[in-house]
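One structure is given here, and the rest of the page talks about it.
The values are calculated or read from the model by the stated rules, or taken from the named source; none is laboratory data. All of these numbers come straight from a predicted model, not from anything done at the bench. Side chains included, ligands, DNA and RNA excluded: accessible areas come from the protein's heavy atoms. Shrake-Rupley method; radii C 1.70, N 1.55, O 1.52, S 1.80 Å.
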Amino acid sequence: MDIAALSVVMGQASLKQAVGLQVMSIAKNAAEIQAQNIAQMLQQSPHPNLGKTLDIQV
């Protein structure tokens, strides 16, 4: 394998790794924002005790 082809392959591998890391970072940020929104929504519930217990008789 010549040096030019090796350089191209290494460049492509590096780019693939960088893109993968960036996508994972974006997904992590989106998940954090979604979790914050859910927590905020639960805190603003009009009935904070509603749904916390379940009474069942058999």
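Brief remarks on what is shown
- Within the accessible area of the chain (1.4 Å probe), percent carbon and sulfur: 63 percent
- Accessible surface calculations at 1.4 Å, restricted to protein heavy atoms, place the chain at 100 Å² per residue.
- In this structure I56 has an accessible area near 120 Å², from a 1.4 Å probe over the protein heavy atoms.
- Over the chain, the reciprocal of the mean inverse Cα-Cα separation, the Kirkwood hydrodynamic radius, stands at 16.1 Å.
- The C-alpha atoms of the chain define a longest principal axis, and helix 3-43 lies at about 10 degrees to it.
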